[in-house]
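Okay, structure first, notes after.
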Amino acid sequence: MKRVRIHAGNVGLVFKNGDYKRVITSGTHWLGFNETVAKYSLTTAFNAPKALEILLEDQALANMLHVVNVEDNQIVLVYTYNNFKQVLTAGQYTFWNTLVDYKFVTVDLSKIEITENISKSLYTNMQLRQYIRAFEVAAYEKAIMIVDDKFDKILDHGTYHFWKNNQTIKIAKADLRQLQLEVSGQELLTKDKAAVRINFYAQYNVIDIETALMQNKDYEKQLYTSLQLALRAYVGAYTLDELLEQKDQIAKAVLEDVKAQASKLGVNVLHAGMRDVILPGDMKDIMNQVLIAQKKAQANVITRREETASTRSLLNTAKLMEDNSMLFKLKEMEYVEKIADKIGEITVAGNVIEQLKDIFSVNK
């Protein structure tokens with residue numbers, strides 16, 4: 001006979017000649033001939049020294065154990081006192097249930113949605129994050145989710161987490177803000193065969209993300225092409241002068257023409273405008289010459305108009321002075337005064353008084 005003591009927080013498994021016999025708990029026990037004892041702590045996982053199926057035939061021992069079976073497409077999250085401790089992969093595990101409060105959460109990795117009651121704070125845990133994939137959609141974006149190359153759903157802004165398995169997940173995003181598309185440097189011919197280079201722009205936003213991303217490839221490039229073709233068609237229908245005079249109306253017409261096509265792309269075109277109409281060097285010279293000629297003609301018209309008005313005024317003044325001798329003398333005195341302002345020195349000879357009388361006499 002042999003006496004053994006099992007301390008609190010431990011158990012012992014008794015074997016005889018290598019065969020399992022019984023389990024003993026804390027206290028003093030007597031072992032029979034050829035019996036040995038293996039001691040285990042109740043605070044750690046139990047690693048069976050023999051085939052677990054044989055040990056579990058002892059109901060007393062089976063009642064003291066958690067037996068966790070993890071399948072190939074599963075993981076199990078182990079919590080002690082509601083605190084995450086570890087991840088169990090495929091296999092069989094046993095834990096003592098008499099001292100530590102364990103909780104086990106089984107995760108089915110064959111699906112992608114995280115439906116288990118798991119705190120999001122664990123998604124970045126080093127043990128768990130290798131089983132999770134994350135996608136972020138910015139506040140100004142929407143996204144479509146494609147699972148195994150099939151459309152699944154639309155995602156609003158936020159951070160999304162999914163289980164990692166052999167299913168493929170793709171996220172395609174679209175910016176929902178007002179965007180601007182530049183159609184720059186378009187070399188076009190007007191109706192009168194004038195070559196011009198036009199810079200055009202359009203402001204738009206995405207209104208149907210599924211249509212834009214799933215039913216169309218490169219919707220921005222398609223919108224660019226639609227604007228380019230519409231602009232080419234309208235510019236070719238106007239002469240250069242008409243183009244320069246009516247560029248705002250042409251921009252509105254292009255906008256209306258493109259809107260229908262844009263709706264098929266899941267896009268709404270809000271505004272469009274012609275920023276620049278650039279002429280080649282020789283055309284600039286010609287336009288400048290035309291402008292100079294027009295301004296000269298306008299200046300000549302104004303000059304002739306002023307000369308006519310001045311002549312008419314002189315004629316009217318002459319008629320008045322012819323009928324009124326006093327008015328004639330006043331006008332004469334006015335000219336004498338103007339002449340006197342420009343004379344620095346006067347030399348007088350003879351009878352000055354008589355000469356002045358002759359000058360200012362009314363009845364000459």
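Quick note: the coordinates plus some simple rules give every number you see, no bench work behind them. Owing to the predicted nature of the structure, the values given are computational and were not obtained by experimental measurement. Ideal geometry is used to build each Cβ from the backbone, glycine not excepted, and the neighbour counts take in all protein chains shown.
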Exercise. Which order results if K103, K217 are arranged by neighbouring Cβ count within 10 Å, fewest first?
Worked result: K217, K103
For this session: Averaging sequence separations of C-alpha pairs under 8 Å and six or more residues apart, then dividing by the length of the range 59-114, give the relative contact order as a whole percent.
Result: 40 percent
Problem set entry | Kirkwood hydrodynamic radius of the range 148-193, Cα pairs, Å | 15.9 Å
Seminar exercise, completed: Scoring only Lys, Arg, Asp and Glu (+1, +1, -1, -1) among other residues with Cβ under 13 Å from the Cβ of A233 yields 0
Exercise. In a shell of Cβ-Cβ distance under 9 Å around Q186, excluding Q186 itself, what net charge do Lys and Arg (+1) and Asp and Glu (-1) give?
Worked result: +1
Exercise. How large is ³J(HN,Hα) for each residue in the range 243-249, as worked out from phi by the Karplus curve 6.51 cos²θ - 1.76 cosθ + 1.60 (θ = phi - 60°), to whole Hz, x for Gly and Pro?
Worked result: 4, 5, 7, 10, 5, 5, 5
Problem set entry | Average projection area in nm² (convex hull over Cα atoms of the range 74-174, one quarter of hull surface) | 7.3 nm²
Problem set entry | Backbone N under 12 Å from the T106 label point (7 Å along Cα→Cβ), restricted to the range 55-83 | 67-77
Seminar exercise, completed: If every Lys and Arg gets +1 and every Asp and Glu gets -1 at its Cβ, then about the Cα centre the range 187-261 yields a dipole, in debye to the nearest 20, of 180 debye
Exercise. Thinking of the range 168-266 as a set of Cα atoms, what percent of all their pairs are more than 16 Å apart?
Worked result: 59 percent
For this session: Round to the nearest 0.05 the FRET efficiency obtained for H271 and D152 when R0 = 35 Å and r is the Cβ-Cβ distance.
Result: 0.50
Exercise. Taking neighbour counts of Cβ atoms within 10 Å as a proxy for exposure, in what order, fewest first, do H7, H271 appear?
Worked result: H7, H271
For this session: Between beta-carbons, use under 15 Å as the cut-off and find the net charge around H157, counting Lys and Arg +1, Asp and Glu -1.
Result: 0
Problem set entry | Virtual spin-label span in nm between T98 and T115, 7 Å along Cα→Cβ | 3.8 nm
